[in-house]
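Asker: Below are the structure tokens for one structure; questions will follow.
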Amino acid sequence: MKSKELIKTLTLAEKAKLLTGKDFWMTQAIEAKKIPSIFLADGPHGIRKQKESNKDFGLNKAYPAISYPTFTCVANSFDEELIEELGRKLALEAKSLMVDVILGPGINIKRNPLCGRNFEYFSEDPFLAGALATSYIKGIQKEGVAACIKHFAANNQENLRMVSNSVVDDRTLREIYLKPFEIAIKEAKPKLLMTSYNLLNGIYTNENAYLLNEILRKEWQYQGLVISDWGGLNDKVAALKAFSSLEMPANDGTTTNEVIAAVNDGRLEEAVLDQNLEYYLNFVLEKKTELTEEKFDHEAAHNFALKIAEESFVLL
């Protein structure tokens, strides 16, 4: 059943429920409507899947994973084929763990040397970051696993990252901060995009209609699924109006009830809710049919990780 036809069979409560997580790492399922749950997992350099409850976040026991060199290191290689193979190896490992979505690559521009997540971003150069992200995404998605490009956008510090306001003029925004996203989205078509925690010119990115609707959807013609960072939702109705569709992780039902109330009192058009559901279901219904558990060659992957490190050494 196509997404639009399926949406017609859903109640308002079911629609609202589907657009928030089931737990910390999984999406909601409606078995009676054959809507499956999707498993999302960190990260850019190795698959982090917890062995224990998906309801909790933290340093819990996880399945063994290959630890690949960081993007800071990998970017030194300037080797697109090598990075595409990295993406493919990560996808094969993800499939062995029944993971549908790899939450990466992170391609924020390195502007502050004290940023705590510089290690997982490629470069301070927009073109290089975009080119390498393109290869990485293509490698992942060739194996039937989905890539989630992040953090959109102008998220360049960890300190106070959930309340900081990135004030950026339009030319700087487009030529520096958005350029790697534009390159990778147009050339590799990642299945998902994750918004960032910060405000951009006074509006949280997860509900920033100029960023998500005008630029991402209309200008770049992005048709994938936009999701919040974990705990990065501030206003559910505003997010849906900007077409940030999936809230992660799960909540206590508060935002689900907010959506129902907003539709009932006219603050949110049901057609807008349906469009968000269409983005969501187009991904979920396509994605789940591709994933099958299979064995993973850890020794070969370890050797490949060593090869990446060797190819990424540079003379300073």
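Asker: Search the stretch 55-92 for residues being touching a strand residue (DSSP E or B) at 6+ places or on another chain (Cβ under 9 Å), under 19 Å from Ala301 (Cα atoms) and of a type outside the set (Gly, Ala, Ser), and hand back the single one that is modelled with the lowest pLDDT.
Answerer: In this case the residue turns out to be Tyr63.
Asker: Residue by residue through the stretch 273-309, note down the ones that are at pLDDT 95 or above, farther than 30 Å from Thr11 by Cβ and charged (D, E, K, R).
Answerer: Across the stretch 273-309, the qualifying residue is only Lys307.
Asker: For the condition buried (at least 23 other Cβ atoms within 10 Å of the Cβ) and assigned to a helix (DSSP H, G or I), what is the one hit in Asn257, Asn282, Asn206, Asn213?
Answerer: Numbers: Asn257 fails: buried (at least 23 other Cβ atoms within 10 Å of the Cβ); Asn282 fails: buried (at least 23 other Cβ atoms within 10 Å of the Cβ); Asn213 fails: buried (at least 23 other Cβ atoms within 10 Å of the Cβ).
Going through Asn257, Asn282, Asn206, Asn213 in turn, just one is buried (at least 23 other Cβ atoms within 10 Å of the Cβ) and assigned to a helix (DSSP H, G or I): Asn206.
Asker: Another question, then. Pairs please, first residue from the stretch 184-212 and of a type in the set (Asp, Glu), second anywhere and open to solvent by 10 Å² or more (accessible area, probe 1.4 Å) and part of a loop (DSSP other than H, G, I, E, B), Cβ atoms under 9 Å, 6+ apart in sequence or on different chains.
Answerer: If the second residue must be open to solvent by 10 Å² or more (accessible area, probe 1.4 Å) and part of a loop (DSSP other than H, G, I, E, B), the pairs left are Glu207/Leu233; Glu207/Asn234; Glu207/Asp235.
Asker: If the requirement is being of a type in the set (A, V, I, L, M, F, W, C), closer than 21 Å to Ala94 by Cβ and either open to solvent by 10 Å² or more (accessible area, probe 1.4 Å) or modelled with pLDDT of 95 or more (or both), which of these qualifies: Leu200, Leu132? Quick ask: steps written out before the conclusion?
Answerer: Working: Leu200 fails: closer than 21 Å to Ala94 by Cβ.
Result: Leu132 is the single residue among Leu200, Leu132 that is of a type in the set (A, V, I, L, M, F, W, C), closer than 21 Å to Ala94 by Cβ and either open to solvent by 10 Å² or more (accessible area, probe 1.4 Å) or modelled with pLDDT of 95 or more (or both).
Asker: Among Ala153, Ala131, which is farther than 22 Å from Ser228 by Cβ and of a type in the set (A, V, I, L, M)?
Answerer: Ala131
Residue-by-condition table, conditions (1) without any contact (Cβ under 8 Å) to a residue 60 or more places away in the chain; (2) among the acidic types (Asp, Glu):
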residue	(1), (2)
Arg217	yes, no
Gln223	yes, no
Asp235	yes, yes
Leu240	no, no
Asn251	no, no
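Asker: Another question about this same structure. Output the residues belonging to the stretch 25-42 that are part of a loop (DSSP other than H, G, I, E, B), surrounded by fewer than 24 Cβ atoms within 10 Å (Cβ to Cβ) and aliphatic (A, V, I, L, M).
Answerer: Ala29
The values are calculated or read from the model by the stated rules, or taken from the named source; none is laboratory data. None of these values were measured; they are calculated from a predicted model. Please note: Cβ atoms are built from the backbone with ideal geometry, for glycine as well, and neighbour counts cover all protein chains shown. Each accessible area value is taken on the protein alone, full model and side chains, heavy atoms only, with ligands, DNA and RNA left out. Shrake-Rupley method; radii C 1.70, N 1.55, O 1.52, S 1.80 Å.
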